[in-house]
Amino acid sequence: MIPAVVYGKHEETKPIAVKKRELLKIINEHGRNALISLDVDGKVETVILGEYQADPINQHLIHVDFLHVSMSSEIHAKVPVLLKGTAKGVEVGGVVQQSIHELNIKATPQNIPETIEVDVTNLEIGHTIKVGDIRNHYRNIIINHEDEDVIATIVSSQIQVDDLEEETSGDTVQATVEV
C-alpha cells in the first residue's frame, strides 16, 4: 500500500492508502493524467494524479496526491510530447534534438490527452517545429507556451569539411609532445 491524500476545491483533504500494483497499472495503461474513479469511504470520487514522491534510490512510489476534479472545470496538467515519424533530415544523416519533452496545458479533465503527438516526418536538416505549428491540432486544450518555443530541431550530425577549412584557413598550429 502507498500512503496518499485526496484533496481539491470544496473538498476536505483526506488521508488514504492505495494499492501500489493497481495504481501503477492505471498509470502504465492510461498515462499520468488518467481520470481515476477512487472509492473513498464508500463514496466514488473522480480524481487525477497530482504530485507524487518517489524513493531517490529505487524510484518506487512512496506517496501520492490525488486531485478531486470537476468534469466541467479546467485544470492544469503536464502532458508528454511524443515525436512521430522519421524526419527527412535524419534519413540523410541529421539528428533530432527535442527541446521540449512536456507541455503545460489547461483543459477539462476529459480533454487532457495522454500524449501530444508531433509529426516530424517532413523536417529537413536545419528545420524546427514550434508550439505554434501544432497549436491548431489541439484546439480543445490551451497550451501554456509561446508560439515560438521550439519543440524539436533537426541538426547536422557532422561538421562540414568546407566549414572546417574556412575556420582554420591561414592558421597553422604546431605542437610538440614531450614524453
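The values are calculated or read from the model by the stated rules, or taken from the named source; none is laboratory data. In this text, all values refer to a predicted model and were calculated from it rather than measured experimentally. When we count neighbours, we look across all protein chains shown, and the Cβ atoms used for this are built from the backbone with ideal geometry, even at glycine.
If you filter region 136-179 down to residues that are out of contact with any strand residue (DSSP E or B) (no Cβ under 9 Å at 6 or more places or on another chain) and of a type in the set (A, V, I, L, M, F, W, C), you find that the one that is modelled with the highest pLDDT is I159.
Would you be able to say whether some residue in region 85-98 is assigned to a strand (DSSP E or B), in contact (Cβ under 8 Å) with a residue 60 or more places away in the chain and surrounded by fewer than 19 Cβ atoms within 10 Å (Cβ to Cβ)? Before the answer, list the steps.
So the first thing to find is which residues in region 85-98 are assigned to a strand (DSSP E or B), and the list is 94-98.
Cutting the leftovers down to in contact (Cβ under 8 Å) with a residue 60 or more places away in the chain gives us 94-95.
Narrowing further to those that are surrounded by fewer than 19 Cβ atoms within 10 Å (Cβ to Cβ): 95.
Scanning region 85-98, I find at least one residue that is assigned to a strand (DSSP E or B), in contact (Cβ under 8 Å) with a residue 60 or more places away in the chain and surrounded by fewer than 19 Cβ atoms within 10 Å (Cβ to Cβ), so the answer is yes.
Within the set A34, A87, A17, A107, the sole residue that is among the aliphatic types (A, V, I, L, M) and touching a Ser or Thr at 6+ places or on another chain (Cβ under 9 Å) turns out to be A87.
Looking at region 27-43 only, could you name the residues that are of a type in the set (V, I, T) and modelled with pLDDT of 90 or more? Don't jump to the end; show me each part of the working.
Residues of region 27-43 of a type in the set (V, I, T): 27, 36, 40.
Within region 27-43, just I36 meets the criteria.
Listed by position, the strands (runs of 3 or more DSSP E) contained in region 10-83 that have at least 2 residues being touching a Leu at 6+ places or on another chain (Cβ under 9 Å) are 11-18, 43-54, 61-68. When both residues are 6+ apart or on different chains and their Cβ atoms are under 8 Å apart, which pairs have a first residue that lies in region 53-66 and is assigned by TED's automatic domain parsing to the domain that holds K14, and a second that is surrounded by 16 or more Cβ atoms within 10 Å (Cβ to Cβ) and not in a strand (DSSP E or B)? Going by the 8 Å Cβ cut-off, the qualifying pairs are L61/L23; V64/L23. Which one of these does H68 not meet: (1) within 19 Å of K9 (Cβ to Cβ); (2) within 22 Å of the chain's Cα centre (by Cα)? With (1) within 19 Å of K9 (Cβ to Cβ); (2) within 22 Å of the chain's Cα centre (by Cα) applied to H68, the lone miss is (2).
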